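Step one of this worksheet: look at the structure below.
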Amino acid sequence: MPRADPPAFEARELSFSYGDRRVLDGVSFEVARGEVFGLLGPNGSGKSTALAIACGLRVAGSGAMRFDGREVAAVSRHERAVLAVVFQRPALDDGLSVRENLSLAARLRGISGSLARERVARGLADAALESRADDLVKKLSGGMKRRLDIARALLDEPRLLLLDEPTSGLDEASFRRTWEQLDAERARRELTIIVATHRPDEAERCDRLAVLEAGRVAAIDTPEQLRAKLSKDVIVLELEPSEDARDSEAQRREVSEAIELPCISGERNTLLVEHERGHELIPRLVERLPEGRVRSISLRRPTLADAFLKITGHALEDDGAGDAGEKAA
Amino acid sequence: MSEKVEDLATTAPAERAQREPRSALSQELAIIAALWRRDMLHLLRERSRWLGVVMQPLFFWFLLGSGMADTFKLGSGESYLHFFFPGVLIMVPLFSAIYGTITIIEDRKSGFLQGVLVAPGSRISLVLGKVCGICTMVLIQSALFVAMAPLAGYAYGTIHWPILALVMVLTTVGLTGLTVTMAWVLSSSQAYHAIMSVVLLPLWIVSGAMFPAGGNFMRYVIRANPLGYAVEGTRAALGGSGDLALSLLVLGGFATLTLAMAAAVSRR
């Protein structure tokens, strides 16, 4: 019978405010050992702040945290020795070479001698940057910098890795390589990951997700279960673009009244209709549509972005109250 | 499955044991050494900086000193280039502290600083790493400049070398503590430069570096200015006049005070 391990990380009722603005409002979640746990939410939902509190860059106004079951009042040297963070901006020195950056990271964590050389060599290999080892970091592409930054974070073999929007701004290929690098590390040893993201494709890679909205946890579940809240098909009505916002609002209302079905506003200029059998509904829908209002109709399976919209009533791409304060650390 | 869990349960304490030898002190020293080494790598890499390192004090001393020589007739009959030399030497820690510390603001912007802040270790080590880097830089640069001392009329034989080095180090630590404090508090490099040019440069001007303390209020200004003691200590260590013991005492106090300030703000 497996022994029940305490969670690798536990946040209980964490709250945090910048002045009058409540950024986190009683956020609680548990991350099991070896789990990839996602904090899914748009900018300003408080996910970066939650990570900043977990790594000790910020101190929560109230609430508690546990690392491996141990209650921690303030993140100390002890916790920092076993965790590593990948921030939105790579924590690299642009003016030093790839190898020098890894070697500096090793020294900063007190690793020296042959162990340091071994870890630096492994980091270079994992980041697939051996051929660029002596190039200055400023000459690397965004994707390469990201891989190097992850190799930097993994150098001291942390048990808990915090990732803050690790693939934001990366293209599809770099996104995949970044996660391959993380998966390779997880295949080698037990590594718990908490990742803050607003990318549905990144959220899909998590074992479980906390859906964050305006500093609160709206739901915690596996990606499958979150999507299952929308077990139906999603029909996307793309409306004709209109110049001003009022017109487009009126247009949405007109279309939604015409089709006589509950629908929600999607990203950009779309209306979403959920239905068990989307393909059967479409012909009927088309008959009811007012002329010249809808540009296209399409049918798809629900995504995590749809699930987020359904749960919180807001699109993932919405900008929240602004992320400026959140990023300053 | 249960086998795998067993496996993990037994590896965790072993992993912890492996981390044990890194004591708090060795961790702190490793951080200081790593940050010092980083500054040295930058110094070695940026060749153009060496031109400034070697030429700047020399230019200042020779051009400004020669230009002013006719205006300032010192009562003692001392040549102005002789008088001005210790003052220019104190510009070395001044400029090194200002320019060397600006990297803290740049590191915060680039994201590098955050990576250091979440590593195990205390923030005072981060400050001390910076201080060590700047001290090394100052010692190299001032050695190159002091090599010219005979041109200003200071013979190598009359220079108290260890005391001169001590004055330079204490002055550097004091100034770096101050600039680190400012860099930590201010978020932009523009604000930092603005504050530095209205605080530190005037402080140097009224330190007795450019003109001697006359009989007027300037005497008290120089007495209240830590850089006044830096210039006086330097002048004495070079073999000139001045109260060396008092200078070292004040500079030691100045260094302790500003380091404490830097340590305090960096904890926030």
**Report entry** Stokes-Einstein D (µm²/s) once Rh is taken as the Kirkwood radius of the stretch A:185-277 over alpha-carbon pairs, at 20 °C in 1.002 mPa s
**Finding:** 132 µm²/s
Requested in this report: For n ≥ 4 DSSP H runs only, could you compute -39500 (n - 2.57) per run for chain B, divide by its residues and tell me the 222 nm figure to the nearest 500?
Outcome: -25000 deg cm²/dmol
Query raised in the report: For helix B:189-204, what angle does its Cα long axis make with the longest principal axis of chain B, in degrees from 0 to 90 and rounded to 10?
Result: 40 degrees
Query raised in the report: For all pairs of alpha-carbon atoms in the stretch B:181-268, what percent lies in each bin of width 5 Å, listed from the first bin to the last filled one?
Result: 3, 14, 18, 21, 18, 13, 9, 4, 1
**Report entry** Gain upon complete extension [B:ASN216, B:ARG49; 0.36 nm per residue less C-alpha separation]
**Finding:** 56.1 nm
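When ligands, DNA and RNA are left out and all protein chains stay put, how many square angstrom of accessible area per residue does the stretch A:9-227 have with a 1.4 Å probe? Could the numbers behind the result be given before it?
Working: 8100 Å² over 219 residues.
It amounts to 37 Å² per residue over the stretch A:9-227.
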Requested in this report: Counting only heavy atoms of the protein chains, get the accessible area per residue of the stretch B:2-266 (1.4 Å probe) and round it to a whole Å² value.
Outcome: 44 Å²
Report summary line: Expressed as a whole-number percentage, the relative contact order of the stretch A:9-227 with C-alpha contacts under 8 angstrom and at least six residues apart is 31 percent
Requested in this report: Return one number: the angle in degrees, 0 to 90 and rounded to the nearest 10, between the long axis of the Cα atoms of helix A:278-288 and the longest principal axis of the Cα atoms of chain A.
Outcome: 40 degrees
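How large is the Rg to Rh ratio of the stretch A:9-227 when both quantities use alpha carbon positions and Rh follows Kirkwood? Don't skip to the end; give the middle numbers.
On the way: Rg = 17.2 Å, Rh = 17.8 Å.
Answer for the stretch A:9-227: 0.97.
What is the gain in length, in nm to one decimal, between A:ALA250 and A:VAL286 on full extension, counting 0.36 nm per residue of separation less the C-alpha to C-alpha distance?
Computed gain between A:ALA250 and A:VAL286 is 11.0 nm.
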Report task. In nm, give the distance between the simple-model label positions of B:TRP161 and A:ASP221, each being 7 Å from the Cα along the Cα-to-Cβ direction. Result -> 7.7 nm
Requested in this report: Pick out, from B:PHE254, B:VAL167, A:SER131, the residue whose Cα sits farthest towards the positive end of the charge dipole of the protein assembly as shown, with +1 on the Cβ of Lys and Arg and -1 on the Cβ of Asp and Glu.
Outcome: B:VAL167
Query raised in the report: For a paramagnetic label modelled at 7 Å from the Cα of A:GLU240 toward its Cβ, which residues of the stretch A:292-315 fall within the zone defined by backbone nitrogen distances under 17 Å?
Result: A:292-297
Query - Kirkwood hydrodynamic radius of the protein assembly as shown, from inverse mean 1/r over distinct Cα pairs, in Å - result: 27.9 Å
Query raised in the report: Taking B:LYS130 as the anchor, which lysines have their alpha carbon closer than 21 Å to its alpha carbon, excluding any fewer than eight residues away along the same chain?
Result: B:LYS109
Query - Distance (nanometres) between label positions extended 7 Å along Cα→Cβ at B:TYR99 and A:GLU118 - result: 4.3 nm
Report summary line: Between A:ARG301 and B:SER241, the two model label points (7 Å from Cα along the beta-carbon direction) sit apart by a distance in nm of 9.2 nm
Requested in this report: Please calculate how many Å² of accessible area the stretch A:232-301 carries per residue, with a 1.4 Å probe and no DNA, RNA or ligand atoms counted.
Outcome: 64 Å²
**Report entry** For chain B, built as a Gaussian network whose Cα springs stay under 10 Å, the top-fluctuating residue of B:ALA143, B:ALA255, B:ALA237
**Finding:** B:ALA143
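Computed on protein heavy atoms with a 1.4 Å probe, what is the summed buried accessible area for the chain pair B and A, in Å² to the nearest 100? Mind dumping the intermediate values first?
Working: alone 13800 and 16210 Å², together 26810 Å².
Using a 1.4 Å probe, the pair buries roughly 3200 Å².
Please state the charge dipole magnitude for the protein assembly as shown, taken about the Cα centre, from unit charges on C-beta atoms (+1 on K and R, -1 on D and E), reported in debye and rounded to the nearest 20.
Numbers: 70 positive and 72 negative charges, 433 e Å.
Result for the protein assembly as shown is approximately 2080 debye, rounded to the nearest 20.
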Query raised in the report: Based on DSSP H runs of at least 4 residues, each adding -39500 (n - 2.57), what is the mean residue ellipticity at 222 nm of chain A after dividing by all its residues, to the nearest 500 deg cm²/dmol?
Result: -10000 deg cm²/dmol
Report task. Could you state the angle between the C-alpha long axis of helix B:80-110 and the longest principal axis of the C-alpha atoms of chain B, as a value from 0 to 90 degrees rounded to the nearest 10? Result -> 20 degrees
**Report entry** Gain on full stretching of the segment that runs from B:LYS73 to B:HIS42 - 0.36 nm per residue minus C-alpha separation
**Finding:** 6.9 nm
Query - For A:VAL294, residues with placed amide H under 5 Å, excluding near neighbours - result: A:GLU240
Query - Directionally averaged projected area (convex hull, Cα atoms, chain B), nm² - result: 18.1 nm²
Query - Residue-wise HN-Hα coupling along the stretch B:61-77, computed from phi with Karplus coefficients 6.51, -1.76, 1.60 (Hz; x: Gly, Pro) - result: 5, 6, 6, 5, x, 5, x, 7, 3, 6, 6, 8, 9, 6, x, 6, x
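First compute the accessible area of the stretch A:118-196 with a 1.4 Å probe, then give the percent of it belonging to carbon and sulfur atoms. Before the final figure, lay out the partial values.
On the way: 1300 of 2940 Å².
Carbon-and-sulfur percentage of accessible area, whole number: 44.
The values are calculated or read from the model by the stated rules, or taken from the named source; none is laboratory data. Given the structure is predicted, the values throughout are model-derived calculations rather than measurements. So basically every Cβ, Gly included, is an ideal-geometry build from the backbone, and we count neighbours across all protein chains shown. With ligands, DNA and RNA removed, areas are computed over all heavy atoms of the protein, side chains included. Shrake-Rupley method; radii C 1.70, N 1.55, O 1.52, S 1.80 Å.
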